[in-house]
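Peer 1: Starting off with a structure, shown below.
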Amino acid sequence: MKLAISYLKIRRFGHRNFEPIAVILPLLQTLFGIHHIDLIQFRNYHTLSLDFKERIVAFCGSNGVGKTNLLDAIYYLGFTKSYFNKPDALSSETPTSGFRINGSFGMDEKQTEVSVLLRENGKKELLVDLSPVQKFSDHIGKIPLIFIAPDDTKMITGPSEERRAFIDALIAQYDHDYLVHLIKYNKSLLERNRFLKQMPYQQIDQYLLDSYDELLYQHGVPILKKRLDFCQLFFPKILHIFGFLSDERESPTVSYQSSTSISTYLNDIKNNLQKDLSLQRTGIGIHKDDIDISMNGLPFKQTASQGQKKSMLFACKLASFEMLHQQKGFEPILLLDDIFEKLDQQRLKKLMEWVCVQHKGQVFMTDTHADRLQKLLDDISLPFQTINL
């Protein structure tokens, strides 16, 4: 059956504080997903209210109409921040107006209301079923999401911090202890680096230095162990999906590169002190690790074609989807922003097959060409909803 629905509903609200209305749509009752969203003064939307009636939802419209903003609003509800690392104030319709995003999520007829608010004074709030959440980090992973955007290729071609941030955000969605260790590690690292910058002007406080080293060890070792365990499961999934997308025409390798080891972690930090003092920053630890991707013995980011880099990006992101599915027991929401550019037809066909046919999670996608999107979705012969902006 082929079904295309064009649906856009605008509501005007007389005030900014209102009770979200729970709407459970029959087609989405048996899978995890978002059924309804309200935006107030968020980016280019003064007020907007949408119901999502199908598992596959497409936002169509010309550049600048707000397609990406809708995906980012959904991301906000899961992570309490923008996927694009924008300051919260830049997500308000005006610099001082604040904004509100409400979303209705559900699975198996159980409904959860999530709201993210930015007040006019700049204070951000998170409500779950109308109850305030004090620690935003406790909410991470409750709404599992995978976002794929055009600029994500920097995860393949960019510096190591891009790849670390990628795996950190993924593991944190199903392992809260990992997130807690990561927050404490980053705080300790910042304090140790500040301490190192002061050393040329004062005598070394060995007791304070040892305490920083111990904190980095205390939080760094569990992170490293969890990353290594994660990579053993994650890397084979990347290579399998990459082979599927490229018809196994290429054979890259993926490995985790660490600056230290679990057994030598603390000693390696202490033995690197002279270099740390010289550079005024900590040179050993999980904050220096990387994911190495190579092909035919050469760095992937330097030798791969644009199509291969796109395939590797999608392989990493879709492998993330599978990891979350495996850990959570249900499929996360997949947000695909303008993914159709610079992909040849063969890879695009394979991608749509994997995303929409082989897997049953909720999918949101954007495109500027409604006819192209219509044809792609018609080809997979599944019901979908089109929202023209």
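Coordinate-derived values only; no laboratory data. Note that the structure is predicted; figures quoted are calculated from it, not measured. All Cβ positions, glycine included, derive from the backbone under ideal geometry; neighbour counts span all protein chains shown.
Peer 1: Per 10 Å bin, what is the whole-percent P(r) computed from every C-alpha pair distance within the range 145-304?
Peer 2: Distribution as computed: 9, 34, 31, 18, 6, 1, 0 percent.
Peer 1: Apply the Karplus parameterisation 6.51 cos²θ - 1.76 cosθ + 1.60, with θ equal to phi minus 60°, to every residue of the range 218-226 and state each ³J(HN,Hα) to the nearest whole Hz, in sequence, with x for glycine and proline.
Peer 2: Whole-Hz 3J(HN,Hα) from phi for the range 218-226: 4, 9, x, 5, x, 5, 4, 4, 5.
Peer 1: Take every Cα pair under 8 Å in the range 157-309 that's 6+ residues apart, average their separations, divide by the length, and report that relative contact order as a whole percent.
Peer 2: Normalised by residue count, the contact order of the range 157-309 is 30 percent.
Peer 1: Turning to a different aspect of this structure: Which ordering of GLU109, GLU54 is given by a fewest-first count of other beta-carbon atoms within 10 Å? Mind dumping the intermediate values first?
Peer 2: Values: GLU109 8, GLU54 21.
Exposure proxy ranking, most exposed first: GLU109, GLU54.
Peer 1: Roughly how many Å is it from the Cα centre of the range 106-175 to that of the range 268-325, as a whole number?
Peer 2: 22
Peer 1: Still on this structure: Counting only residues 5 or more places away or on other chains, whose amide H sits under 5 Å from the amide H of LEU31 once H atoms are built in the peptide plane?
Peer 2: Placed amide hydrogens put ASP108 under 5 Å from LEU31.
Peer 1: So, with +1 on the Cβ of K and R and -1 on the Cβ of D and E, and no other charges, what is the size of the charge dipole of the chain about its Cα centre, to the nearest 20 debye?
Peer 2: For this selection, approximately 480 debye.
Peer 1: Plugging the Kirkwood radius over Cα pairs into Stokes-Einstein for the chain, at a temperature of 10 °C and a viscosity of 1.306 mPa s, what D comes out in µm²/s?
Peer 2: Approximately 70 µm²/s, per Stokes-Einstein.
Peer 1: Still on this model: Collect residues whose amide H, placed 1.01 Å from N in the peptide plane, falls under 5 Å from the amide H of ASP289; neighbours closer than 5 in sequence don't count.
Peer 2: SER259
Peer 1: At a 10 Å Cβ-Cβ cut-off, how would you order LYS53, LYS197, fewest neighbours first? Can you show the working numbers first?
Peer 2: Values: LYS53 19, LYS197 12.
Going from sparsest to densest Cβ surroundings: LYS197, LYS53.
Peer 1: Ok, one more. Spelling out what I want: for every residue of the range 318-331, take phi, set θ = phi - 60°, compute 6.51 cos²θ - 1.76 cosθ + 1.60 (Karplus), and round to whole Hz; glycine and proline get x.
Peer 2: After applying 6.51 cos²θ - 1.76 cosθ + 1.60, I find 6, 5, 4, 4, 5, 5, 5, 4, 5, 7, 8, x, 8, 7 Hz.
Peer 1: Report, in deg cm²/dmol and to the nearest 500, the calculated mean residue ellipticity at 222 nm for the chain, where each DSSP H run with n ≥ 4 adds -39500 (n - 2.57) and the sum is divided by the residue count.
Peer 2: Computed mean residue ellipticity for the chain: -12500 deg cm²/dmol.
Peer 1: In percent, what relative contact order does the chain have, based on Cα pairs under 8 Å that are 6 or more apart in sequence?
Peer 2: Relative contact order of the chain: 26 percent.
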